[in-house]
Amino acid sequence: MSDRRVRLKAYLFGAATVLAAQALVGAAVLMPPTDAVAGSAEPTEQARQVTQQPQADRPSEPSPGPATTERAPRSEPAEQPRQKRVRTAPSGQQPGTIRLPDGGSATLVRKELEPNAVLPVPENLNEATWWGAGLDAPSGASVFAGHVNWQGSEGPFAELWHVRVGDRVSVADADGTKWHYEVSQILTLHKNEVPARSSELFGQSGRHRAVLVTCGGRWEGGATGYEENRVVVAEPV
């Protein structure tokens, strides 16, 4: 792996995350590289790849915050029949993209785990790496990771530091069909906390959900980059 790619991964995921990923690979738990988020993804059969650029060498507008969790108030009704996913025909959103609540969008790059069990990261600022479950999967996490900034420019995933529970995210597949999700949980985690939450957040079992990840907080530099990850969980609607 080139020094440049190692550096990118350090920025988005964090060294501790990479080590945890390698340690958990035998347990089918995914963990991303350094600086973004570790994923607990089991390789899916899809293999459309995309590439993205790293975050800025210096923090643009980090929006740190103590490890917090925001959850949407939800009632727990008795078991109900599963509702059909809402899909809409193409309408203004380019195929193969993810659109965030404030209108920012990123081109999706389908990736799978690398040979060393490290999750790939985007190499371009306006791209988002996608691994894990497909959009039509009945279970498991579809994980989307993007850089917060790079070389003084802010990336679309910087929006994750301003989203609120109830905001909407849409993902357009290769045919342009859109899949809609609603933000239900927002977490700010120190990179060292991510490995322990990997299965919960990025696992390929349990209800289907979209999990968006970026980094931020205080800039530590070196192989760590930013000290925190912003993780946004969204449920299908």
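Here are a few things to note about the model shown:
- In the set (1) in a helix (DSSP H, G or I); (2) surrounded by 23 or more Cβ atoms within 10 Å (Cβ to Cβ), Val232 fails one condition alone, (1).
- Applying the criterion of at least 2 residues that are in contact with a Phe, Trp or Tyr (Cβ under 7 Å, 6 or more places away or on another chain) to the strands (runs of 3 or more DSSP E) found wholly in the range 138-210 leaves 141-145, 168-172.
- Check on Ala172, touching a Ser or Thr at 6+ places or on another chain (Cβ under 6 Å) and modelled with pLDDT of 95 or more: yes
- Evaluation of Gly217 against (1) in a strand (DSSP E or B); (2) under 16 Å from the mean Cα position of the chain (by Cα) (one fails), failing number: (2)
- Once the range 175-193 is narrowed to residues that are among the polar types (S, T, N, Q) and modelled with pLDDT of 95 or more, the residue that is surrounded by the most Cβ atoms within 10 Å (Cβ to Cβ) is Thr188.
- Failed criterion for Gly206 (all others in (1) surrounded by fewer than 23 Cβ atoms within 10 Å (Cβ to Cβ); (2) touching a helix residue (DSSP H, G or I) at 6+ places or on another chain (Cβ under 8 Å) hold): (2)
The values are calculated or read from the model by the stated rules, or taken from the named source; none is laboratory data. Remember, it's a predicted structure, so these values are computed and weren't measured experimentally. Every residue, glycine among them, receives a Cβ derived from its backbone with ideal geometry; neighbour counts consider all protein chains shown.
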